[in-house]
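Below: the structure, in structure tokens.
The values are calculated or read from the model by the stated rules, or taken from the named source; none is laboratory data. Predicted, not measured: the structure shown is a model, and the values here were computed from it. Cβ placement follows ideal geometry from the backbone for every residue including glycine, while neighbour counts extend to all protein chains displayed. The protein model used for the area step is the full one, side chains on, heavy atoms only, and it has no ligands, DNA or RNA in it. Shrake-Rupley method; radii C 1.70, N 1.55, O 1.52, S 1.80 Å.
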Amino acid sequence: MKGNVINASGLICVPVTPGDYPVLSFQNGTNTVNADAPSEFPADYNYQLVEIIASLGYIVVIADYPGFGESAQIPHPYLVAEPTVRSLVDMLLYC
């Protein structure tokens, strides 16, 4: 953020059977508690639904937004497009 590098994190759901699968980016809704971030609470009902989608033949990527997961030590820039979009793009590029 603001030119600084941060550690990013997220959740990746993949089918069990090896193969070439399309990638689906899932953006979670508004979150205010780090314990509810995708990488912190993968058992959340919403993320379990994403696992079902993965079982249908998709790689599903869910980024923790800045300020959650590995970057919980920084404030979350709520509704600031650049850092939010950057976390999504980086997750897709580096997964």
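Data for the structure
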read-out: Per-region count, the stretch 11-28, residues under 29 Å from Thr84 (Cβ atoms) and small (Gly, Ala, Ser); value: 1
read-out: Boolean, Val5 is out of contact with any strand residue (DSSP E or B) (no Cβ under 9 Å at 6 or more places or on another chain), over 26 Å from Glu82 (Cβ atoms) and among the aliphatic types (A, V, I, L, M); value: no
read-out: Qualifying residues in the stretch 8-34 (those that are open to solvent by 50 Å² or more (accessible area, probe 1.4 Å) and of a type in the set (Ser, Thr, Tyr)) - the one nearest to the chain's Cα centre (by Cα); value: Thr30
